[in-house]
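Note sheet for the following structure.
The values are calculated or read from the model by the stated rules, or taken from the named source; none is laboratory data. What you are looking at is a predicted structure, and each value in this text was computed from that prediction instead of being measured. Note that each Cβ is placed from the backbone with ideal geometry, even for glycine, and that neighbours are counted across all protein chains shown. Calculation scope for accessible area: heavy atoms of the full protein, side chains included, ligands and nucleic acids excluded. Shrake-Rupley method; radii C 1.70, N 1.55, O 1.52, S 1.80 Å.
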Amino acid sequence: MTRSGTITVFITGAGLSAASGIPTFRHSEDAVWSGDVWTSATREVFRRNPISWWNNFWLQSFPLAFQGYSANAGHEAIAQICNNAKGQVKVLTQNVDGLHQSTDVKWNWEEDLVEAHGRLGLYKCIPTEKEEEEEDEIGDEEKLKEKASERMNRRASWCKNSHLNSLSERDIVPKEVRDMMMTGSNETVATATKIEVDDVVDHTTAAAAAAAAGTGSTEHATDNAPAMESAKKSKKETKEEFNEVEAPELPSAPLCPNCSSPLLPQALMFDESYSSHEFYEFDKFASWFSKADVFVFVGTSFAVTVTDMAIKEARKRNIPVFNFNLESGRLEPSNTLNVENVIGKSEETLVELSECLRDKVGSGGSGGGGGVGGNMK
């Protein structure tokens with residue numbers, strides 16, 4: 001399944017992190033993206049009343065960061081594939097949980113990973129409505145790509161934290177709010193206890209816990225895939241069980257230390273574009289897509305703009321597509337889409353893929369490299 005010189009782009013969604021215990025976004029009883037989330041996770045609603053947005057919406061719906069969760073075998077397998085590929089494999093994740101960076105396998109994620117929907121635990125301010133209106137004059141996402149220099153010139157006078165830099169909790173002002181967000185967070189994963197488990201079953205579909213999607217949608221803290229079910233007790237292995245902690249009531253909205261504007265989580269809102277902030281690295285992943293020889297989707301429901309972009313590119317250049325997903329996330333092959341579905345739990349099928357690639361490289365089947373480019377048999 002390897003071919004020397006092949007550029008492979010993995011696009012991961014909520015299903016990948018479901019085996020780590022992070023709830024999914026859609027189509028399940030505990031799905032995050034339900035109710036008023038679709039209408040509340042926007043700049044427009046945030047601007048109306050930032051403190052109410054934080055206390056009554058965001059802190060009630062999402063953790064401040066995904067503490068207590070660990071990368072699962074699927075994350076480890078992707079990291080190993082990337083490590084072996086030496087730059088030929090790129091990863092774009094819709095997830096905001098940061099688990100791709102926390103694998104035991106060390107890989108060059110600083111260069112080979114794009115977190116296109118953000119990462120919880122980081123923050124940004126946003127431009128004024130007037131500044132936004134001026135940028136809107138440039139045009140849509142594709143026009144912004146073509147007019148990158150014009151975009152940069154227009155943003156020169158903006159606060160850098162609105163489009164260029166990401167802030168950590170330590171940067172937040174005032175101090176009272178900073179301290180609450182650092183220590184009194186609404187972690188639904190804050191208190192961990194160990195339980196013994198026998199078998200962990202994941203069977204829900206969709207995207208997981210807390211990012212926001214722009215120009216299209218939001219994928220969890222990831223999208224179409226399994227969520228963890230209660231585990232049976234056993235003496236074979238242990239698993240962390242997390243207890244809910246009441247969300248803090250912030251006295252005021254967190255503020256940018258530079259411009260004093262209210263801060264948003266570094267997550268792509270539904271009315272934001274991928275080019276709204278450099279953290280989402282739109283130009284970088286657009287370049288990956290244009291050069292890709294293979295697309296590999298993992299645990300996504302294909303409900304956001306970035307997956308639409310990849311499918312469009314695959315159709316345009318007849319690029320092979322592999323879809324690691326549950327049955328409900330199957331893609332139908334057609335005359336214009338060359339797709340192979342690999343149905344099953346991603347924490348199992350990706351391990352098989354990694355082992356298959358390793359064996360082929362070891363036997364000289366790829367001629368070196370490590371890109372994905374054939375059938376997994």
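Suppose the filter is under 30 Å from ILE343 (Cβ atoms) and in contact with a Pro (Cβ under 8 Å, 6 or more places away or on another chain); does GLY118 pass it? Taking the combined requirement at face value, the residue satisfies it. ASN72 meets each of the listed conditions (1) modelled with pLDDT under 90; (2) under 19 Å from the mean Cα position of the chain (by Cα); (3) farther than 20 Å from PHE279 by Cα apart from (1). Selection of the stretch 45-79 for residues being of a type outside the set (A, V, I, L, M) and under 18 Å from SER20 (Cα atoms) yields PHE62, PRO63, PHE66, GLN67, GLY68, TYR69, SER70, ASN72, GLY74, HIS75, GLU76. The single condition from (1) within 18 Å of ARG43 (Cα to Cα); (2) open to solvent by less than 50 Å² (accessible area, probe 1.4 Å); (3) at pLDDT below 95 that LYS130 fails is (2).
The condition (being touching a His at 6+ places or on another chain (Cβ under 7 Å), β-branched (Val, Ile, Thr), surrounded by 13 or more Cβ atoms within 10 Å (Cβ to Cβ) and at pLDDT 90 or above) is satisfied by just one residue among VAL105, VAL114, VAL96: VAL96.
Before we move on, is ASN72 surrounded by 20 or more Cβ atoms within 10 Å (Cβ to Cβ) and either within 20 Å of LEU353 (Cβ to Cβ) or not polar (S, T, N, Q) (or both)? Spelling it out, ASN72 is indeed surrounded by 20 or more Cβ atoms within 10 Å (Cβ to Cβ) and either within 20 Å of LEU353 (Cβ to Cβ) or not polar (S, T, N, Q) (or both).
Scanning the stretch 101-125 for residues that are assigned to a loop (DSSP other than H, G, I, E, B), touching a Cys at 6+ places or on another chain (Cβ under 9 Å) and among the aliphatic types (A, V, I, L, M) yields a single hit, VAL105. Among the residues making up the stretch 274-318, those that are open to solvent by less than 10 Å² (accessible area, probe 1.4 Å) and among the β-branched types (Val, Ile, Thr) are VAL294, VAL296, VAL298, THR300, VAL304, VAL306, THR307.
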